[in-house]
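The values are calculated or read from the model by the stated rules, or taken from the named source; none is laboratory data. Note that this is a predicted model, so its numbers are computed, not measured. Positions of Cβ are backbone-derived with ideal geometry, glycine not excepted, and every protein chain shown enters the neighbour counts.
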Amino acid sequence: MIKQLVRFQEKHPFLFIMLIGLVLRLIAAVFSKGFGMHDDHFLVIEPAGSWIDGFDVQKWLPGSPGNTGPEGHSFFYVGFHYLFLGFLKMLGISNPQWVMFFVRMIHVLLSLLVISFGYRIASLISTKQTAYKAALLLAVFWFMPFLSVRNLVEMVSIPFLMYGSLIILRQELIRKGNEPGYHKTSFLVAGFFLGLAFSVRYQTLFFTGGIGLALLILRNYKGMLTTALGFLVSVAIFQGIIDFFVWKTPFAELIAYVQYNLSHAYEYHTMPWYHYITVLLGLLIPPVSVMLLFGFFRDWKRHFLLFFPVFLFLLMHSIFPNKQERFILPVVPLLLVLGLSGWDDFVANSRFWKKRQQLHKGLWTFFWVINIILLLLFTPMYGKKARVESAVYLQNYPETTYFLTEDINSNVLRFPPLFYT
């Protein structure tokens, strides 16, 4: 069996990595029930589930008692869940745990695209061997399977960002090399997918703006304008039209979102400007995290088209006072790809590392030991189990109209997940 796996890995290395990523994400889909953070449940599943049941638990919709207007929530992603949950209900699937299993399975398939796009981007900017390593990191990095099956908009926006980036990168390389296959309409498609990322997570605008500026600096003016057109078309459809349907005003939620963040910027987690540097150094496991960040900055000129939007995204989030770790997740996969590419190129041309190959191998061995331990702990983890199982228990008492949550000794208001009741 082991020999057969080795032969399969040698013959189909990328497919082997994809299968590893699939298995890990299936484990997460089956065992990692519940939710990871507040937003991935209460800003997605709770409102969509309540709409299916005929009420509006978050008071987001016009006409709902207590609603005072748009609150700044994109209806694109939560609207998809409303349609998907309605489809499952039509099939007779209404048990909350089963419903969430199928929701997680949708995200499993979506997250596999991240591995594929990461591999294809790495193949364009580096060696085949580095591309395989980049795909492997995206498949098995300790936080990826667990977060990939969550309803975090930061994670869901990643495939759209990476696909748009892949298209633009490929076309720009063709243009620079004067090769056949350059299509201006490809930038339109790329812009459309970057617009989808924006409709999932508004802050990805910093990344898209970075790509536009990079194209401008690289003097691909038509590519920049065509990308912008595709982006605007996408946003007009999935923000303008949806908001007009709900509020009779296009972009009502987007406008409310901007206004809210400008006036409440200091009411959340205000951290120093260097906060995300420390997050990346810890998240990516030192000392490999240092190596990856070094590689990311080392080759900034050579990979400027992708480096600049990632850098701008991190810079803008570092400037903004409200800092939460998950906010930078949309660019972490691209940072990994760029960082690994830059580091591998550095090592290949470094006399220091050529003489110290055992040290280099030891650093990566340490990384893999820590990563595997964390992977085993986090991949099957049942998020917020106490709250979810308490809500599931209430299903045994359908006659219950009210219940009381006693949390007088808690400093944090923890909402009960009513979707599971």
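Residues in segment 395-410 that are among the hydroxyl-bearing types (Ser, Thr, Tyr) and under 17 Å from Asn95 (Cα atoms): Tyr397 only.
I'd like to verify a number: residues in segment 207-230 that are buried (at least 20 other Cβ atoms within 10 Å of the Cβ) and closer than 15 Å to Met316 by Cα, how many? Result for segment 207-230: 4. Does Arg170 satisfy being of a type in the set (D, E, K, R), within 25 Å of Ser126 (Cα to Cα) and within 24 Å of the chain's Cα centre (by Cα)? Taking the combined requirement at face value, the residue satisfies it.
Scanning segment 139-178 for residues that are within 21 Å of Phe308 (Cα to Cα) and charged (D, E, K, R) turns up Glu154, Arg170, Glu172, Arg175, Lys176. Picking from residues in segment 1-44 that are under 30 Å from Gln58 (Cβ atoms) and aromatic (Phe, Trp, Tyr), the one that is farthest from the chain's Cα centre (by Cα) is Phe31.
Matching residues to (1) at pLDDT 90 or above; (2) surrounded by 13 or more Cβ atoms within 10 Å (Cβ to Cβ):
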position	(1), (2)
Asp344	yes, yes
Leu363	yes, yes
Ile370	yes, yes
Ile373	yes, no
Phe378	yes, yes
Tyr397	no, no
Thr401	no, no
Phe419	yes, yes
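Listed here are the helices (runs of 4 or more DSSP H) enclosed by segment 324-421 that have at least 3 residues being touching a Gly at 6+ places or on another chain (Cβ under 6 Å): 332-348.
Against the definition (closer than 21 Å to Gly223 by Cα, assigned to a helix (DSSP H, G or I) and free of Cβ contacts under 8 Å to residues at least 12 places away in the same chain), how does Ile167 come out, yes or no? Judged against the criteria, Ile167 is not a match.
Take the residues of segment 31-81 that are without any contact (Cβ under 8 Å) to a residue 24 or more places away in the chain and acidic (Asp, Glu): which is nearest to Gly240 (Cα to Cα)? Full working, then the answer.
Applying the first criterion (without any contact (Cβ under 8 Å) to a residue 24 or more places away in the chain) to segment 31-81 yields 53-56, 58-60, 63-68, 80.
Filter again for acidic (Asp, Glu), leaving 53, 56.
Values: Asp53: 26, Asp56: 22 Å.
So the residue we want is Asp56.
Scanning segment 290-326 for residues that are over 25 Å from Leu218 (Cβ atoms) and either surrounded by fewer than 19 Cβ atoms within 10 Å (Cβ to Cβ) or aliphatic (A, V, I, L, M) (or both) yields a count of 8. For Phe80, the requirement of being closer than 23 Å to Leu147 by Cβ, under 21 Å from the mean Cα position of the chain (by Cα) and surrounded by fewer than 20 Cβ atoms within 10 Å (Cβ to Cβ) is met.
Determine, yes or no, whether Glu399 is out of contact with any Phe, Trp or Tyr (no Cβ under 7 Å at 6 or more places or on another chain), within 22 Å of Phe146 (Cα to Cα) and of a type in the set (D, E, K, R). Considered against the rule, which asks whether it is out of contact with any Phe, Trp or Tyr (no Cβ under 7 Å at 6 or more places or on another chain), within 22 Å of Phe146 (Cα to Cα) and of a type in the set (D, E, K, R), Glu399 comes out as no. Condition check for Lys128 on (1) without any contact (Cβ under 8 Å) to a residue 60 or more places away in the chain; (2) over 28 Å from Ala348 (Cβ atoms); (3) surrounded by fewer than 22 Cβ atoms within 10 Å (Cβ to Cβ): one failure, at (2). When each of Ser123, Ser116, Ser111 is tested for being of a type in the set (Gly, Ala, Ser) and surrounded by 24 or more Cβ atoms within 10 Å (Cβ to Cβ), the lone residue that passes is Ser111. Assessment of segment 180-197 against the conditions (under 30 Å from Asn322 (Cα atoms), of a type in the set (Val, Ile, Thr) and within 23 Å of the chain's Cα centre (by Cα)) yields no matching residue. When Phe346, Phe403 are checked against the criterion of being free of Cβ contacts under 8 Å to residues at least 60 places away in the same chain, out of contact with any Leu (no Cβ under 7 Å at 6 or more places or on another chain), at negative phi and not small (Gly, Ala, Ser), a single residue qualifies: Phe346.
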